[in-house]
Structure formats: C-alpha cells, structure tokens
1. Of all accessible surface on the stretch 216-323 at a 1.4 Å probe, what whole percent is carbon and sulfur?
2. For the pairs Lys25/Lys325; Lys208/Lys247; Lys128/Lys208; Lys41/Lys136, flag any whose C-alpha to C-alpha distance is greater than 30 Å.
3. Which value, in Å² rounded to 10, gives the accessible area of Cys187 with a 1.4 Å probe and all protein chains present?
4. For the charge dipole of the chain, defined by +1 on Lys and Arg C-beta atoms and -1 on Asp and Glu C-beta atoms about the Cα centroid, which residue among Ser179, Ile168, Gly302 has the Cα displaced farthest towards the positive pole?
5. How much length, in nm to one decimal, is gained on full extension between Arg140 and Ile296, taken as 0.36 nm per residue of separation minus their Cα-Cα distance?
6. Have a look at Val298, Val139, Val226 and tell me which one the Gaussian network model of the chain (Cα, springs below 10 Å) gives the largest fluctuation.
7. Determine how large the accessible area of Lys128 is when every protein chain is in place; take a 1.4 Å probe and give Å² rounded to the nearest 10.
8. Can you tally the net charge around Pro63? Count Lys and Arg as +1, Asp and Glu as -1, for every other residue whose Cβ sits under 14 Å from the Cβ of Pro63.
Amino acid sequence: CAQSSKNPKPNFNTNITDMLEEMAKTYESTNDKWRAFGYQKAIKAIRNYPKPITSWEEAKSLPGVGGRLADKIWEIAQSGELRKLKEFESCEMTQVLKLFTNVWGAGPQTALAWYQQGLRTIDDLKQKAHLTSQQKVGVRLYDELLDRMPREEAGEIEKVVREAAESIQEGIIAQACGSYRRGKATCGDVDVLVTHPDGKSHKGIFVKLITKLKESGFLTDDLVSVEQTGNQKKYLGVCKLEGPNRKHRRLDIIVVPYSEYGCALVYFTGSAHFNRSLRHLCKTQNMSLNEHALKIGVVRKGADKIYEGTIVQTPTEESVFEALKIPYRPPEERDH
Ligand code: DCP
Ligand code: MG
Ligand code: MN
C-alpha cells in the first residue's frame, strides 16, 4: 500500500502468483476483462499475505478470493500445477491471441479479428493483414520490442537523450523515470522526463529534440509522434544505440512545464500500481492526483467530481508526499 515506507515485502507464494499472473494475461488477451481483474485482485492479496498458504480455507479467506479461485490456489499450493493453465497452453486460439496482443498497437479485439481471418503467425500478419502504421512497426520489430533491456542500456539511452537536450538548451533536465528510476534490473522501455527550471524553456524543446534525435539516426520509428495532454507533450517511439549487436528499444519522451515537474516525476516513476494506490489514498482525503497536479478540497459524488478542487504547489517529489501526509518513499520502494 502507499503508506508503508518499509522495504518491499517478501512474497511467500511466488509459485501461486506466477501462475495466476499467466491466467490474468490469458484473460486479458481474450478480452475477458472481469476475469482478468478478479485475478489481479487476488494476486495482490496473495502478494501481501505474510506466509505460505497451507489450506483451502486460508486461500478462501483472502479478499477477492471466492470458492473457484480458492480451488485454483489450493491446486497450485498442493501440486505445483494448474490444469486450467495447461489447458490454455494447449489451446491454439488462446496461444495465437496471446501472440497477437503482444504486437505493439494491437488489442484483444484486433487480435481476435486477425484470428477469425485465419491468421496464425507473425509472418501471416506481415503478409496478409491490414496493419496500422504502429502495428507495422510492432510486427517488424516483434521480438526486439518484447525483449526487456538491461538497466545499463537504459542508462546509455538516457544519456543520448540528455546530451541532445542539453545541446539544444542549457540547463535542461532530462531524466529516465519508470522502471529504470525504480532501480529495476531490466526495463521494458525508457521513459525520459524533460523539463526546464526557468519555467518556460521547455516549450520549444519537444520538436527540436525529436528532430535532432531523428537526424542523428538514434530514433528509428515513431509510434505516436505527439500526444498532448494539457501542457505536457509525449513522444512514443523506437530508438537504437550506435554500434554492433544493438537492438531496437522502446523510448518515451515526455516534456513538461516545471510547475508540473513534481507530480510528473511521481507519475512517470510509477509503478502504475503505486500510482493507483496514491490515487486511492487521495479519494479518502478529498484530494486528486495525476501527472499534472495535486488538488485539495475535491468534492465527489460517487464516481463524479462535483468540484475540481484547488492546486497545491508541489515543486518537488518530496512535497507531493508531504501534501499527501505520507512518509517519502524512495523510487526503489514504489513497486506496490
Ligand atoms: N503509468 C501509469 N499507468 C499506466 C501506465 C503508466 O501510472 N497505465 C506510469 C507509471 C509507470 C510509468 O508511467 O511506471 C511508465 O510506464 P511504463 O509502461 O513504461 O512502465 P514502467 O517503466 O514502470 O515498466 P517497464 O519496465 O515495463 O517499462
Ligand atoms: Mg518504462
Ligand atoms: Mn513507457
């Protein structure tokens, strides 16, 4: 939860959560959102459970775990296996949907449509499917984009972006957030957050930075050239470091005004799960938090906001935690 500041708790039931994760992923790829959600909720409860699960009743007592899920948990605890997962692994359609939903820019509906057209492999997609420009990139670089990079490589990518940014504008801040900042050993992509302490120089930087990184050959493919939300601009693309044996890697660049830097830093450092805990905490305190701002005095009626609240100035990450009245948590301790 968001309030504890201790080291990440150990998981005493990794064999169980691993298999349930696979189940959740399968249900996500078949667009079975409620089942996937139910599994995620159970996984969370099992992760927080302070000892190995040794009975069916114990499993059933966890929040979000009903009789059927308790059966599955108990099956794994006893036998180390889950028949339903085995079944999925031998089901062609399920496997193909998993393969297809891993194409960047393809969701469960697209995956199903491709399956129904008789397509079965990534080669089939290359030859016969109507692909969006994003999916074309996703298909061409399928294996590389699924591969997580060692954190050292993420550091090198951060450096290339930072040096390009600094050469455009003195004093610019460019910092890799996401899993890299949380200290993970591998990263799915690099999320570079860019701002300028003078409060205005960030404005011209987005186009110049992307252009420069394209001209140098570092950026190889665009996925989303620009996504604007309020005063923030986000680029999603693919890059490749110079030299032999380099792979294409996913890179996100987010440019934000300095006034939003504190909240943006918290948001893009994540994890997504941690952000959800923070937002949940906000709801209990009439606050709201997103990548732009922290607001107080929010009035909600059910899921609707009747009053938007007022912005609290949060120039630093520490000030965000302070305003939320919780102890500061270093990035390494924000996985849950
Ligand atoms: N984020 C979020 N909610 C989402 C997606 C992202 O709050 N649905 C935030 C938290 C993430 C950050 O943005 O940590 C970066 O998103 P990534 O998808 O790049 O996730 P990570 O960097 O955490 O992990 P990975 O190593 O897979 O990239
Ligand atoms: Mg990331
Ligand atoms: Mn990202």
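The values are calculated or read from the model by the stated rules, or taken from the named source; none is laboratory data. Because the structure is a prediction, the values reported are computed rather than measured. All Cβ positions, even for glycine, are placed from backbone atoms using ideal geometry, and neighbour counts span all protein chains on display. Areas reflect the complete protein model, heavy atoms only, side chains present, ligands, DNA and RNA absent. Shrake-Rupley method; radii C 1.70, N 1.55, O 1.52, S 1.80 Å.
1. Working: 2610 of 5260 Å².
The nonpolar share, carbon plus sulfur, comes to 50 percent.
2. Details: Lys25/Lys325 35 Å; Lys208/Lys247 25 Å; Lys128/Lys208 37 Å; Lys41/Lys136 34 Å.
Beyond 30 Å between Cα atoms: Lys25/Lys325; Lys128/Lys208; Lys41/Lys136.
3. Around 0 Å² of this residue is reachable by solvent.
4. Gly302
5. Details: separation 156, 0.36 × 156 = 56.16 nm, distance 4.64 nm.
Stretched out fully, the Arg140 to Ile296 stretch lengthens by 51.5 nm.
6. Evaluated over the chain, the most mobile residue of the options is Val298.
7. 130
8. Working: positive: Lys41, Lys44, Arg47, Lys60; negative: Glu58.
Net local charge, Pro63 excluded: +3.
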